[in-house]
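Please treat every number below as a calculation from the coordinates, not as lab data. Predicted model, so just to flag it, every value in this text is computed and none were measured. Reconstructed Cβ throughout: ideal geometry from the backbone, glycine too, with neighbour counts over all protein chains shown.
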Amino acid sequence: MTARIDMGLDGGGNPVAVDLEELLATRLLVQGNSGSGKSHLLRRLLEGSAGLVQQVVIDPEGDFVSLADAFGHIAVDAADYSLTELGRLALRVREHRASVVLNLEGLEIDGQMRAAAAFLAALFDAPREHWYPVLTVVDEAQLFAPAAAGEVAEDARRTSLAAMTNLMCRGRKRGLAGVIATQRLAKLAKNVAAEASNFLMGRTFLDIDMARAADLLGMERRQADAIRDLARGEFLALGPAITRRPISVRIGEVKTGSRAVSPKLTPLPTAATEDMRDMLFAPSAADELPPPPPPAPTPMADLMRAVATPAPAPVPDMPVLEESEQADVRRAILAEIAGEGAASDGRQALPNIFQDYTVRCRMRGVEPGIDLAKFRASLALARAGIADAAGWDEALTLAASLPEEMLTPFLGIARAARENQPCPSDAQIAALYGTSSLGRAKRMIAHIEEKGLIVARTDLAGKRSVSLPHLGWTTAPAWPDPANPQRPGRTAVRAAERARLL
Ligand SMILES: Nc1ncnc2c1ncn2[C@@H]1O[C@H](COP(=O)(O)OP(=O)(O)O)[C@@H](O)[C@H]1O
Ligand SMILES: [Mg+2]
């Protein structure tokens, strides 16, 4: 027995189904103009097979996040993670056989391509023991496998195209079954389209796309005119998993509620969504240091000696340091604390760090000298690399409206601006923020900008400079991601040219 996914009705009112096992082996390409019903079709397919096979959806528009509620898919907001984290997540998705929607909505096109590439590449590179079948759906596939070099960064285009080529050309052996949808066949890289054996062609207006669709369907170009007249939600279907002769199919309603499990496919794991989430996001062993070894037991002889030793003479008073010397020691302690775990996620709460500070002061024989509120500012200054607090009162007053954790990155930017140094990169700002997520760092910058404390500006070379209008300080321009300097889009250049001409 095979698992058949009911897709809708043909011209004669007979049901049309997709054979899931055949589909896993032969892949599917969906084409149709925007609004022709491609995403609806993909949703019908996903809903119909959700209980039968693991699913991964690369979702540039955030269309499929709603599958999470009805079918327990894990929705992953790509903007919240670094590329490394996304790769690690993809490996776990394969290990735990979790169904996932990778939502790319919050990213610029280059970021979407990089995120999809990192995720797909890691799915592809998963160890052999995790090669279970995964229906891998990519909506708007022309974004990730463009036929021609466009305005996007070259490295993003190359990695994304490579990941899509691997998915469609070499993924099958590894259990990855590609299902891709595109608005325009002519915009999709040929080698990516060529590997699909099943086609669903929806309404298409441009001759060049129609000609390619006709070729794929093995139709006369004249006959292919029918593709122009298709209604929304109506597709011409052909391929071993659907039908051996082209037929038209009207895609049915989308619904909630999964279907019966096929006896032939291996049952999916039964972990609840929350458990699955815990497993996917659990810190990895490499991130965690092993617990310190327990202290070695004191040898009995030493214990006996300690008991026998008479009480020591009283400790003489600590020499009291000059106030300026005390200040030096305090500064050194602050610098130590600031340097510890500066770039790691999940910093300790401020009161704990303050307590640690007072203990260290006492250990070195100096008074702490400041209260918790002062300590907050001093630590933020130290973390931002500012050794001398003099002259920073105004900036600190400005920052009073910011949440605690934004103080350090704000001061780091302010320091660069005050000294007219290059604007810190996204990675440097993320480190000051105590996170490894560039997305989070960028949102934080946007937040500070919304508050009016800073103004960021990107020049035609893609370099960013940040000003503090209240203080009249401005950083020198620098690339936000020096490893991948961004060429500005042609539109931005044109707009700037226009501005110059007017
Ligand atoms: N078979 C269908 N039955 C009912 N509504 C449909 C069908 N196909 C598409 N639609 C509706 O048409 C609109 C556009 O469809 P969509 O799938 O988003 O198109 P595309 O992804 O091709 O741009 C959506 O509102 C969708 O709900
Ligand atoms: Mg769509």
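General observations
- Exposed loop sites are taken as GluC sites (Glu not before Pro) in a DSSP loop (any state but H, G, I, E or B) with at most 16 other beta carbon atoms within 10 Å; the longest stretch of the chain without one runs 420-502.
- For segment 393-488, projected area of the alpha-carbon convex hull averaged over all directions, nm²: 5.7 nm²
- Taking the C-alpha atoms of segment 320-383, convex hull volume expressed per residue in Å³: 73 Å³
- Applying the Karplus relation 6.51 cos²θ - 1.76 cosθ + 1.60 with θ = phi - 60° to segment 331-340 yields 3J(HN,Hα) values of 4, 5, 5, 4, 4, 4, 4, 4, x, 7 Hz, where x marks Gly and Pro.
- Gain on full extension, evaluated as 0.36 nm per residue between Arg245 and Thr270 minus their Cα-Cα distance, stands at 5.1 nm.
- Sorted peptide list for 379-386, 223-230, criterion being average Cβ within 10 angstrom, highest first: 379-386, 223-230
- Descending semi-axes in Å of the chain, equivalent ellipsoid built from Cα gyration tensor: 57, 32, 16
- Full-extension gain in nm, Val320 to Ala400, via 0.36 nm per residue minus C-alpha separation: 25.3 nm
- Taking 15 Å as the cut-off, the amide N atoms of segment 423-439 that come nearer than this to a point 7 Å along the Cα-to-beta-carbon line of Asp459 belong to 423-424.
- Taking every lysine pair in the chain that is 8 or more places apart or spans two chains, those with Cα atoms closer than 20 Å amount to 6.
- Scaled radius of gyration (Cα, divided by 2.2 N^0.38 Å) that segment 373-424 gives: 1.02
- Segment 4-251 has equivalent-ellipsoid semi-axes of 28, 20, 16 Å, by the square roots of 5 times the alpha carbon gyration tensor eigenvalues, sorted largest first.
- Over the chain, dividing the summed -39,500 (n - 2.57) contributions of all DSSP H runs of at least 4 residues by the number of residues returns a 222 nm mean residue ellipticity of -11500 deg cm²/dmol.
- Each principal axis of the Cα cloud of segment 130-203 was evaluated for its coordinate range; sorted largest first, these ranges are 36, 33, 17 Å.
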